[in-house]
1. Within the stretch 134-144, is even one residue surrounded by fewer than 19 Cβ atoms within 10 Å (Cβ to Cβ), of a type in the set (A, V, I, L, M) and within 18 Å of L180 (Cα to Cα)?
2. Please count how many residues of the stretch 23-65 are under 23 Å from F96 (Cα atoms) and under 16 Å from the mean Cα position of the chain (by Cα).
3. Which one is most open to solvent (accessible area, probe 1.4 Å), of the residues in the stretch 102-111 that are without any contact (Cβ under 8 Å) to a residue 12 or more places away in the chain and assigned to a helix (DSSP H, G or I)?
4. Identify the single condition in (1) out of contact with any Ser or Thr (no Cβ under 9 Å at 6 or more places or on another chain); (2) in a helix (DSSP H, G or I); (3) open to solvent by less than 70 Å² (accessible area, probe 1.4 Å); (4) not hydroxyl-bearing (S, T, Y) that G93 does not satisfy, given that it satisfies every other one.
5. Hey, among the residues in the stretch 145-163 that are open to solvent by 60 Å² or more (accessible area, probe 1.4 Å) and charged (D, E, K, R), which one's nearest to S63 (Cα to Cα)?
Amino acid sequence: MEASSHNSFVHPLKFALWTGIGSIIMMFIALTSAYIVRQAAGNWLEFKLPSIFMLSTFTILLSSVTLQMAYSAFRKRQESSYKLLLLSTLALGMIFILFQYQGWLQMRATGIELSGNPSGSFVYILSGLHVAHVIGGLGVLSLACYHAFTLPYKVTKRRLLRLQLTSQYWHFVDILWIYLFIFFMIQH
């Protein structure tokens, strides 16, 4: 009976990650709710979201695929595939941020400033907060790459857990961006 109850416990690091994710979700729900409330108040400029945001969406989706494949390759002891896919994920995350920045520049070029109409301000703030969370994920991915290339290759419970936590967070920021992108498309 003890063994079955032991299996029902959540690892403390997973609990901490999911608690953090829960608070991030609440923050973004509050901000998107504020967006809707402010939009209803008037003085709202409608504008077309730059198409590069669609490209950034595909990029972050692809990065989740490559990270999941890296995790699978690590478990299957396919060292070179694991390392290549992990590096690919890191590169795609950086490209995502570059595309977001290009989207902000395109918005600015069409007269949509951060301090201008609230509609544009919300897009900058929400997408900028998301990028901040992606940067955090890139830090963790960089550490995963460092471990992949400096530690002797060995599949252990600890390394599996670290990679699993990294993957869960990265998939979360992917899903969060999809939510924001769909939200922006519906609202604009």
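1. yes
2. Of the residues in the stretch 23-65, 18 are under 23 Å from F96 (Cα atoms) and under 16 Å from the mean Cα position of the chain (by Cα).
3. Out of the qualifying residues, it is R108.
4. G93 satisfies every listed condition except (1).
5. Only one residue tops the list, namely R162.
The values are calculated or read from the model by the stated rules, or taken from the named source; none is laboratory data. What you are looking at is a predicted structure, and each value in this text was computed from that prediction instead of being measured. Using ideal geometry, Cβ is built from the backbone for each residue, glycine included, and neighbour counts are taken over all protein chains shown. Remember, those area values only see protein heavy atoms, side chains included, never the ligands or the DNA or RNA. Shrake-Rupley method; radii C 1.70, N 1.55, O 1.52, S 1.80 Å.
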